[in-house]
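The values are calculated or read from the model by the stated rules, or taken from the named source; none is laboratory data. The structure displayed is predicted, hence computed values, not measured ones. Cβ placement follows ideal geometry from the backbone for every residue including glycine, while neighbour counts extend to all protein chains displayed. To get the accessible areas, we keep the full protein, side chains included, count just its heavy atoms, and leave off ligands, DNA and RNA. Shrake-Rupley method; radii C 1.70, N 1.55, O 1.52, S 1.80 Å.
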Amino acid sequence: MNDAPQKLHRRIGFFGLLFISTGSIIGSGWLFAALYAAQMAGPASIISWFLAAAMLGVIALIFAELGSAIPTSGGFARYSHISFGGMTSFIASWLCWLGYVVIPSVETLAILEYLGNEIPWLIQSEGENRSLSIGGTVVAAGILFALLVINLLGVKWMAHSNTTITWWKIAVPVMTAVVLIFTGFNVENFTSHSFAPEGLSGIFSALAAGGVVFSLIGFRTVIELSGESKRPQRDVPMAILGSLFICTVIFILVQVAFIGVVPAEQLAQGWSHVVTNGASGPFAAFAVILGLGWLATILYVDATISPLGTALVFTSGTSRLVVAMSRNRNIPRFFGKIARSGLPVRALIINWIVGMILLAPLPGWDLLAGIVSATTMLTAAIASLTLLALRREHPELARPFRTPAARLTGTASFIFASLITYWCGWTVNETVLLVLAVGIILLLLTIPGMGAKGRELKIRHALWLVPWIGGLFTLSLLSDYSGGLAIIPAPWGELAVILWCLIMAPLGVRSALDRATSRKILDEVIGESAA
């Protein structure tokens, strides 16, 4: 039987991947992260961006090698399956899926929140709380359906559509920052109320819980679509690192502009009390204050286009993750079946249904940003040890891109991802712990009916996750970050996390599958990608 129709098609070139990654990074994050980061760290939030870029750059090196050596769709789920088996890959993919599937709904909600200022019937207000009206919910459902249709037209069509949107998404934040700097910039804002009012804790909080990391982690969508790249060995690493560099420069420029244009009266009570007028977002409010009505109008338009572009890309990436989970046998194969068009139609529809359910009230943007950051970083930490395990067990594997000083870089990536999760604070991490427990319970309940498939979970090889996550979340509870007990202040908490990771990294690598077992899984994954 010819199974070609069951395979994803390789149709995306380098610039398609680069713009997919860049377009998924520049979404609602650029509209909100500068505000939340400044509230948490003041002008020192600029340091948060540099630090986040450096840490994510190291993590990106890990995925650049994995993505070039094993170019397969849904890579976040597949890599850990190769090295640690089904239980570990389920935890990694469950966390990753949770971080992915909420984004199209949240970006859609952001669009309608902005449009609600001009089209009041979209939004209903109760005091300071705003939510979708019945009419707004219908429109939101229509937007999500349109995203589904665009993806059903094919990944190549989606990539072309995203490229056009991404040019706009690059131009608007750059133009906004430059115009605001030349119109209302006040250099005294950087020192008048302390450069770092909350010290190190503020810088780290802004990085993890203030939306900085959330705004930059969109490069991960390249991994999910690498199985549809024409030349993944060359293009995947270049797209990951290129998009991260481009967007970091843009976001730092935007943060500098934000700090410099905050009106003096809004700084009267300090950076933590900075507020803006109107629900249109901080930059549009500043444009109105400065008499730049034309810029405010452009920002209103961008508040629709930027979230829409990000939602479009994550709609596609999330479906590929579902395909990978089905191939890992973490979920029934039914959900990952590829249609004759070469598209994961069932996965797209399942995620669309979940997205419709998520139109119900969600947490605030800043809390959501922290949850997505924490789930993604936990997955990245697992991937870091996957790279070290693959280097040890399969040195012969062709690696078109090789991570420099792999042992040092892999360990540093594991530590960085753990630190970012720690900095998200207990308020975020207790939610992550809850949804992780729900996922594991659902998996364990299905084991009795899995038969031979249950043995593929390799639970013994996943046991290292228990002390690592348990220790990390315990330190989060004891920290002085959001919701913590403030028993271990910075930088002692950070030192404890680093020491814990140095203990757990070797244990994790030693827990990997033996060469013969992982080679069998690796050959299966490579065979699927080659086909």
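Points to keep in mind about this one:
- Förster radius 56 Å - calculated FRET efficiency between residue 134 and residue 524, Cβ distance, rounded to 0.05: 0.70
- 0 to 90° range, to nearest 10: angle between helix 465-478 axis and the chain longest Cα axis: 20 degrees
- Relative packing of 139-145, 258-264, which averages over residues the other C-beta atoms within 10 Å, highest first: 258-264, 139-145
- Accessible-area composition of the chain, carbon plus sulfur, in percent [1.4 Å probe]: 69 percent
- Across the chain, the volume of the C-alpha convex hull divided among the residues equals 139 Å³ per residue.
- Computed with a 1.4 Å probe over protein heavy atoms only, the accessible area of residue 503 comes to about 100 Å².
- Relative to the longest principal axis of the Cα atoms of the chain, the long axis of helix 515-530 makes an angle of roughly 70 degrees.
- Relative packing of 333-346, 243-256, which averages over residues the other C-beta atoms within 10 Å, highest first: 243-256, 333-346
- Accessible surface computed residue by residue for the chain, with neighbouring protein chains in place and a 1.4 Å probe, gives 37 Å² per residue.
- Shape call, the stretch 385-531: gyration tensor on alpha carbons, a/c limit 1.5: oblate
- When +1 charges are put on Lys and Arg Cβ atoms and -1 charges on Asp and Glu Cβ atoms, the dipole computed for the chain relative to its Cα centre reaches about 2440 debye.
- Förster-model FRET efficiency, 56 Å R0, residue 498 and residue 339, C-beta, rounded to 0.05: 0.75
- Solvent-accessible area of residue 494, all protein chains in place: 10 Å² (probe radius 1.4 Å, heavy atoms, ligands and nucleic acids excluded).
- Compared with the dominant Cα axis of the chain, that is its longest principal axis, helix 199-209 is turned about 60°.
- Length gained when the stretch residue 437-residue 354 is fully extended (0.36 nm per residue, less Cα-Cα span): 27.9 nm
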